[in-house]
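The values are calculated or read from the model by the stated rules, or taken from the named source; none is laboratory data. The structure displayed is predicted, hence computed values, not measured ones. Cβ placement follows ideal geometry from the backbone for every residue including glycine, while neighbour counts extend to all protein chains displayed.
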Amino acid sequence: MKLNERSLAFYATCDSPADSAGFLYKRGERHGAYHRRWFVLKGNMLFYFEERESREPVGVIVLEGCTVELCDSRGEFAFAIRFGGAKSRTYVLAAESHAAMEAWVKALSRASFDYLRLVVRELEQQLARRELERAPEQDPERALERRAPRENGCAVGCEAEAGPRPPPVPPRCRASGGEPAGNTTEPSAFSRLHERYGSEVARLRQQWLERQQGQQP
């Protein structure tokens, strides 16, 4: 596929890191001769340039829906990028060594979004299984309390391992909302306070009423 879009040309030559880069020999579609090209793999796009210092690529191969296969050829470290369909083009490339060929085949096979989707799905399944296996151990303190014998609603020995804990608040000291009440005054003391301040309020109210009556004509 020839490249005409400036956006793709900019993406090919920008400073974003490449997944793989190096020289490969690309076989021509018409004459079958190999030409040495500089290849840059970014995401699922394989760009190729005439030279390493070229400012624009001469073509790009979009790697979606392709398969990468080794070619049965003697003396050549060749592999093919094939696409489904009768009229789809097959790209035949050759590396300079067996190690380079294996590295390129591995990188190109993992470049498609379909492969990444499968990897993400497999990782999610592994994470889900891991969470199920570790579910009883997520809270060691609660797991210890569940396993320990209980006495009067409290696990025996929990204070010795987790440190001293404050005693439970008696029900009579809790407010209506369920939180511990701030005032723990006994009922008898409360009655005395109510009588003291109540009488004071009644006396002041009576004085105010008398002044109001005195001001009336």
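Worth pointing out:
- Restricting segment 72-89 to residues that are under 18 Å from Phe23 (Cα atoms), in contact (Cβ under 8 Å) with a residue 12 or more places away in the chain and of a type outside the set (A, V, I, L, M), the residue that is surrounded by the fewest Cβ atoms within 10 Å (Cβ to Cβ): Glu76
- Leu108 being aliphatic (A, V, I, L, M), under 23 Å from Pro17 (Cα atoms) and assigned to a helix (DSSP H, G or I): yes
- None of Lys106, Lys42 is within 36 Å of the chain's Cα centre (by Cα), on the phi < 0 side of the Ramachandran plot, loosely packed, with under 14 Cβ neighbours inside 10 Å and modelled with pLDDT of 90 or more except Lys106.
- Among the residues of segment 112-133, just one is of a type in the set (Gly, Ala, Ser) and exposed (fewer than 11 other Cβ atoms within 10 Å of the Cβ), namely Ala128.
- Qualifying positions in segment 88-101 - within 10 Å of Ala78 (Cα to Cα), not small (Gly, Ala, Ser) and not in a loop (DSSP other than H, G, I, E, B): Val92, Leu93, His98, Met101
- All of Glu56, Glu69, Glu51, Glu29 fail the test of being free of Cβ contacts under 8 Å to residues at least 60 places away in the same chain, out of contact with any Ser or Thr (no Cβ under 6 Å at 6 or more places or on another chain) and loosely packed, with under 12 Cβ neighbours inside 10 Å, apart from Glu51.
- Pairs with Cβ under 6 Å, 6+ apart, first in segment 116-130 and at pLDDT 90 or above, second surrounded by 10 or more Cβ atoms within 10 Å (Cβ to Cβ): none
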